[in-house]
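To keep things clear, I will list the structure first and then write my remarks on it.
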Amino acid sequence: SYLNRATNILPTYLILYLFLSSSLLGQRSERPMRALIIDDNIVTLTLLKQLVSRMDGLCVTAFSDAAEAVRQIGQLDFDIALVDYAMPHLNGVEVIRRIRAVERHRSVPVVMITADHEKETRLAAFDAGTTDFLTKPIEPMEFKARVRNLLALRKAEVTAADLAKRLAEQIAVANRAA
């Protein structure tokens with residue numbers, strides 16, 4: 001019984017050991033985390049940019065035109081998206097659908113920012129793929145806490161994917177040598 005339990009958790013410890021072993025994986029490069037902000041209101045956009053830029057190691061790309069952001073979405077690289085709901089031409093729900101349509105953005109956290117308290121709006125946003133909501137007016141401490149938590153999860157996901165890729169490379173090399 002003890003041996004069975006130990007055998008079941010051994011792969012987890014092995015992965016953790018390999019992750020921490022710089023001799024096997026080499027030095028991991030720490031890239032800066034990036035935020036995408038889309039809001040047509042210049043005052044809110046400026047506030048969001050200021051809040052995000054004050055967070056350590058976070059780069060910002062911002063758009064006041066949702067249509068322009070959507071045109072460039074496939075070329076953009078970001079770790080979190082902050083999207084306003086009420087915008088002309090494309091609302092936030094449609095912007096989120098367009099973000100999620102890009103394969104590499106499907107797991108990126110997306111926060112819908114809205115003054116709308118309607119249940120239908122929130123359900124539509126969840127259906128489109130939003131991760132979380134922030135209500136206007138934005139409370140800076142709550143904003144920072146939510147963004148920090150979502151970025152920590154994103155960083156863990158990116159690190160795990162990087163680890164899986166490096167381990168697959170190491171296994172391929174070991175298989176060729178065998």
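The values are calculated or read from the model by the stated rules, or taken from the named source; none is laboratory data. Since we're looking at a predicted model, the values are computed, not measured. Quick reminder, even Gly has a Cβ in these numbers, built from the backbone with ideal geometry, and neighbours come from all protein chains shown. All accessible areas refer to the heavy atoms of the entire protein, side chains included, with ligands and DNA or RNA removed. Shrake-Rupley method; radii C 1.70, N 1.55, O 1.52, S 1.80 Å.
Listed values, structure above:
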| read-out | value |
| --- | --- |
| Some residue of region 54-63 being modelled with pLDDT of 95 or more, under 16 Å from THR130 (Cβ atoms) and not basic (Lys, Arg) | no |
| Qualifying positions in region 34-48 - out of contact with any Lys or Arg (no Cβ under 7 Å at 6 or more places or on another chain) and not polar (S, T, N, Q) | ARG34, ALA35, LEU36, ILE38, ASP39, ASP40, ILE42, VAL43, LEU45, LEU47, LEU48 |
| Test: ALA160 is among the aliphatic types (A, V, I, L, M), free of Cβ contacts under 8 Å to residues at least 40 places away in the same chain and farther than 17 Å from ASP56 by Cβ | yes |
| Hits in region 46-58 - residues which are open to solvent by 60 Å² or more (accessible area, probe 1.4 Å) and not in a helix (DSSP H, G or I) | ARG54, ASP56 |
